[in-house]
Amino acid sequence: MTDSTIRTRSTASSTATTTENEMTPSTTDQAEQPLLTTDHNGKKSKTRLYTYDEVPDWQKDNHYILTGYVKETNSVRECIRSLFYLHNESVNVLSHLLPGSVFPLALALIVGPFFLVHSNTNNLIKYLPSWLFAIPIYPETTTSTDKLIFHIFFSGFITCLSCSAVFHLMKSHSLKVSVFGNQLDYVGIIALIVTSMIGIIFYGFRDNLTPMRVSLGLVCTLGSICLCITLIPQFKESKWRPFRASMFVIFGLSSVVPIGYGLWLYGVSETFARTGLMWVLLEGLGYCSGAFIYAARVPERYSPGTFDIFGHSHQIFHVLVVVSAYFHFRGLIEAYKYCHENLTW
Ligand SMILES: [Zn+2]
């Protein structure tokens, strides 16, 4: 699909009868009609969604998504209001806001107190219902460190998804806010990678402190470097680009080092058991396929305009991030159980 074909379809979808440059006030009005949203009383609201051709250049990220844009608002209030009507970022916001903020808050504030008061649950994390996630307590060996390890992972998960939701909600504000939000998104990704690795390394090497400390040091150091690269403005200069790219690649691959060392030290089957590696591999598959779909812009590249609101690549990527994090959580539970049932330290 060429750009000219896309432009034709985009223009058609806005029902404008003239080209963008020739557009008169009357044709603009015509173009607005199908894009007005309807409020809960059935009245037409002033909210208007825009086509790809109508938004500023800095908002043009995916030319296969033709409609449903919230045009630069320059207003925090307007960005927050966009949470309550459907546009092409709605699913991106909700797919991370619900599991990353609303669900954990509901667990902590509603389900948690209910279970604490009404149930004598034997779950390590009290506010997780046992029928949903059973994390047994081993009276002899379970300590507050185990709880901390799980909470470190939860904090990374919540940080990642909340940063992402805020970014997608606020990215229509302005270029400046969008750039900052993008940095925030990276901070969340780094937090999720580091906090995910901590648990697996901790249980994988629970009875072998030297490789545990070296691996934790490696992951935390690389994570901190990537955090600095993301947040310090000087690193945005193009001369730092190769360094930036290589640090992120090294960081991404750093998880291979402790797992590879474990395979060498303990063999395949024990490393799988120690680290819940089957789940971790599923997690890796989820992240990689999500990243591939995102980069390839599938399925929207095969039918531009069809997946504007539902089903485009970024939404699939978001869902796969949540699913992969769930796989990681399952792997962490397996690693915790194997550690307490089979190892001594
Ligand atoms: Zn995203």
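Counting only residues that are open to solvent by 20 Å² or more (accessible area, probe 1.4 Å) and either of a type in the set (Gly, Ala, Ser) or touching a residue at least 40 places away in the same chain (Cβ under 8 Å) (or both), how many does segment 183-194 have? Before the answer, list the steps.
Initial filter on segment 183-194 (open to solvent by 20 Å² or more (accessible area, probe 1.4 Å)): 183-187, 189, 191, 193-194.
With the extra rule that they be either of a type in the set (Gly, Ala, Ser) or touching a residue at least 40 places away in the same chain (Cβ under 8 Å) (or both), the set shrinks to 183, 186-187, 191, 193.
Going through segment 183-194 one residue at a time, the tally reaches 5.
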When segment 49-74 is examined, which residues are found to be without any contact (Cβ under 8 Å) to a residue 40 or more places away in the chain and open to solvent by less than 20 Å² (accessible area, probe 1.4 Å)? LEU49, VAL55
Here are some conditions: (1) closer than 30 Å to ASP53 by Cβ; (2) part of a helix (DSSP H, G or I); (3) open to solvent by less than 40 Å² (accessible area, probe 1.4 Å). ASP308 meets all but one. Which one does it not meet? (2)
Within segment 201-234, of all residues that are open to solvent by less than 50 Å² (accessible area, probe 1.4 Å) and of a type in the set (Gly, Ala, Ser), the one nearest to the chain's Cα centre (by Cα) is GLY223
Sort out which residues of segment 125-176 are farther than 26 Å from TYR336 by Cα, within 16 Å of the ligand (Cβ to nearest atom), open to solvent by 30 Å² or more (accessible area, probe 1.4 Å) and without any contact (Cβ under 8 Å) to a residue 60 or more places away in the chain, and write them in order of number. VAL166
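Where residues in segment 33-67 are part of a helix (DSSP H, G or I) and over 20 Å from SER178 (Cβ atoms), which of them is modelled with the lowest pLDDT? Show your work before the answer.
First, pick out the residues of segment 33-67 that are part of a helix (DSSP H, G or I): 33-35, 52-54, 57-59.
Pick out the ones that are also over 20 Å from SER178 (Cβ atoms) and you get 33-35.
Numbers: GLN33: 39, PRO34: 43, LEU35: 46.
The residue in question is GLN33.
Quick check on VAL322: is it within 16 Å of the ligand (Cβ to nearest atom), in a helix (DSSP H, G or I) and under 20 Å from PHE154 (Cβ atoms)?
Details: within 16 Å of the ligand (Cβ to nearest atom): yes; in a helix (DSSP H, G or I): yes; under 20 Å from PHE154 (Cβ atoms): yes.
Yes: the conditions hold for VAL322.
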So if I check each of ARG244, ARG213, which one is more than 25 Å from LEU161 (Cα to Cα) and not in a loop (DSSP other than H, G, I, E, B)? ARG213
Filtered residue count, segment 68-97, keeping only those that are assigned to a helix (DSSP H, G or I) and within 16 Å of the ligand (Cβ to nearest atom): 11
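Residues are listed down the side, and each one gets a yes or a no for (1) of a type in the set (A, V, I, L, M); (2) crowded, with 16+ Cβ neighbours inside 10 Å:
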| position | (1), (2) |
| --- | --- |
| LYS236 | no, no |
| ALA245 | yes, no |
| GLY267 | no, no |
| TRP279 | no, yes |
| SER289 | no, no |
| PRO304 | no, yes |
So which residues in segment 287-310 are within 15 Å of the ligand (Cβ to nearest atom) and among the small types (Gly, Ala, Ser)? GLY290, ALA291, ALA295
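The values are calculated or read from the model by the stated rules, or taken from the named source; none is laboratory data. Worth saying up front: this structure is predicted, and the values here are computed from it rather than measured. Note: ideal-geometry Cβ built from the backbone for every residue, glycine included; neighbour counts use all protein chains shown. Surface accessibility is based on the protein's heavy atoms, side chains included, excluding ligands, DNA and RNA. Shrake-Rupley method; radii C 1.70, N 1.55, O 1.52, S 1.80 Å.
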